[in-house]
Amino acid sequence: MHISQEQAIMFQGGRVIDPYCDRDEVADVIVVDGTIAAKAPANIKIINATGWIIAPGFLDMHVHLREPGQTDKETIETGSQAAAAGGFTAVACMPNTQPCMDTPDVITQVIVQGRAANHCAVYPIAAITENRAGRVLVDFRALKDAGAVAFSDDGVGVEDDSVMRAAFERARQVGAPLIQHCEYKKMSDGGIMHLGKVSQQLGFPGLDPRSEEAMIERDIDLCRQIGSHYHVAHISTAKAVELVRKAKAEGLPVTAEVCTHHLILTDEACKSASPNTKMHPPLRPKADVAACREGLLDGTIDCVVTDHAPHTEKEKGVGFPKAPPGIVGLETAISLAARAMIDTGLADWKKVVRWFTTAPNEILGTVDRGIEVGKTANLTMIDPQATWKVDKHTFLSKGRNTPFDGWDLVGKPVGTLRGVQLTLSLTRQGNHNKTVTR
Ligand code: DOR
Ligand code: ZN
């Protein structure tokens, strides 16, 4: 990865896709002193962007950066560097750190470290309950004032009805989304993969999909009563998608995200018994994958995320049943989204760009920045025709826990620009030794 400070730079001849102003055309993008400009000054650095997509900076609104506390898995430095390499100019990070992100001090620490790393914007998501234990609500106001963009106990769901009801009320008062990890442990406990034909064949204890769906049902009901923004984290079943579809049709302030892996892999992948096919929620059967794709296409699901969840090789190396759930995703996300939604003929790059830009930024109320003259540059560059092989050893993340190692993918992020900071992941030569038509 190459990082440089550029005072004046022009991306020449790229396809500018900007969902903020419904723009899709071949054009030059000029950036002077970190701001989008109309005219190129003398001595401008020119980058040949022919064949590239130039889009507003991508945001992954669901990642685990593990800091503070679990720096053997990841740090804010390595995680945000991985994000930039994966084409993201911003990430929102989950609070299941040690200590948990449930106090203003920890939120401030994450913001300060994110700025110091300076690879991408780092937006902290605060816990809903103290230590994510599901009992005592955090101080919503203080955490929001400290810079939390949303609230979530991700990793676990908030099970207690009265606690969740109170959380809705507090979230409404401060005007922040509640992001729910939808899982009733009492229904899923002991399960290590999706409960179904494959879990039975493997003899693995199954995790009942109703544990996800029942919590969404309860929460939509609370949302209807209290009327505060509710966001479903990593939606994964057909019924869950249908619940959100109905809630939206009713006009409720409900949004949802889907992980790249839930758009591509089915529970059949668990037959490998690789711990890198274990995550929460688990991989689901084909019909659920199809429903998630359909939900994205019809707008039921708003955006795509990674749930980037790095674990050490040692932690993952204990076999499927005992391994911690989660896989890394930042450095494969854009290519996998293209594989699931473009290579299949379901969608085009315009839609993919929207799922990673306007959609998550609207949900979190974070920077709203299209490619317009006078605005600070915040760009993601993609070579949609580059072919490449995933090699986990080249990841900038500390995590190597991916089920996609060795996969041949088409479409690759080539860089990001934030203000004057240009990060280029690949040289053009490297990009273009093989091309396919898309
Ligand atoms: O697979 C997962 N890993 N799901 C979660 O909800 C938590 C995450 C983690 O933190 O490792
Ligand atoms: Zn997560």
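Here residue 326 fits the description: crowded, with 18+ Cβ neighbours inside 10 Å, farther than 23 Å from residue 254 by Cβ and not hydrophobic (A, V, I, L, M, F, W, C). Flag not set for residue 222, criterion: within 16 Å of ligand 1 (Cβ to nearest atom) and within 18 Å of residue 163 (Cβ to Cβ). Scanning the stretch 145-164 for residues that are in a helix (DSSP H, G or I) and surrounded by fewer than 19 Cβ atoms within 10 Å (Cβ to Cβ) turns up 145, 161, 162, 163. With respect to (1) in a strand (DSSP E or B); (2) more than 20 Å from the chain's Cα centre (by Cα), the lone exception for residue 411 is condition (2).
Only one of the listed residues (209, 177) is more than 24 Å from residue 91 (Cβ to Cβ), in contact (Cβ under 8 Å) with a residue 60 or more places away in the chain and buried (at least 20 other Cβ atoms within 10 Å of the Cβ). That residue is 209. If the condition is being within 13 Å of residue 177 (Cα to Cα) and not small (Gly, Ala, Ser), then the stretch 125-140 contributes 125, 128, 140.
Taking the stated definitions as given, is residue 319 surrounded by fewer than 24 Cβ atoms within 10 Å (Cβ to Cβ), of a type in the set (Gly, Ala, Ser), within 16 Å of ligand 2 (Cβ to nearest atom) and assigned to a loop (DSSP other than H, G, I, E, B)? Walk me through how you get there before you give the answer.
Numbers: surrounded by fewer than 24 Cβ atoms within 10 Å (Cβ to Cβ): yes; of a type in the set (Gly, Ala, Ser): yes; within 16 Å of ligand 2 (Cβ to nearest atom): no; assigned to a loop (DSSP other than H, G, I, E, B): yes.
Answer is no for this residue.
When the stretch 111-128 is filtered for residues that are in contact with a helix residue (DSSP H, G or I) (Cβ under 7 Å, 6 or more places away or on another chain) and among the β-branched types (Val, Ile, Thr), the ones remaining, listed by number, are 122, 128. Applying the condition of being among the acidic types (Asp, Glu) and either on the phi > 0 side of the Ramachandran plot or within 16 Å of ligand 1 (Cβ to nearest atom) (or both) to the stretch 289-314 and asking which residue is farthest from the chain's Cα centre (by Cα) yields 313. In the stretch 236-250, the condition of being assigned to a loop (DSSP other than H, G, I, E, B), more than 16 Å from residue 399 (Cβ to Cβ), within 13 Å of ligand 1 (Cβ to nearest atom) and not charged (D, E, K, R) is met by at least one residue. Listed by first and then second residue, the pairs with beta-carbon distance under 9 Å, at least 6 apart or on different chains, first residue in the stretch 315-333 and over 15 Å from residue 261 (Cβ atoms) and aromatic (Phe, Trp, Tyr), second within 15 Å of ligand 1 (Cβ to nearest atom) and part of a loop (DSSP other than H, G, I, E, B), are 320/192; 320/274; 320/278. Residues in the stretch 396-416 that are buried (at least 22 other Cβ atoms within 10 Å of the Cβ) and under 30 Å from residue 31 (Cα atoms): 397, 411, 412, 413, 414, 415, 416. Suppose we keep only residues that are in contact with a Cys (Cβ under 7 Å, 6 or more places away or on another chain) and more than 14 Å from ligand 1 (Cβ to nearest atom) within the stretch 124-160. Which one would you say is nearest to residue 68 (Cα to Cα)? Per the criteria, the residue is 124. Of all residues in the stretch 251-296, those satisfying the criterion of being closer than 10 Å to residue 403 by Cβ, in a helix (DSSP H, G or I) and away from ligand 2 (no atom under 16 Å from the Cβ) are 269, 270, 272, 275, 277.
We did not get these values from a lab; they are worked out from the coordinates using the rules stated. Remember, predicted model here, so these are calculated numbers, not experimental data. Glycine gets a Cβ as well: all are built from the backbone with ideal geometry, and neighbour counts include every protein chain shown.
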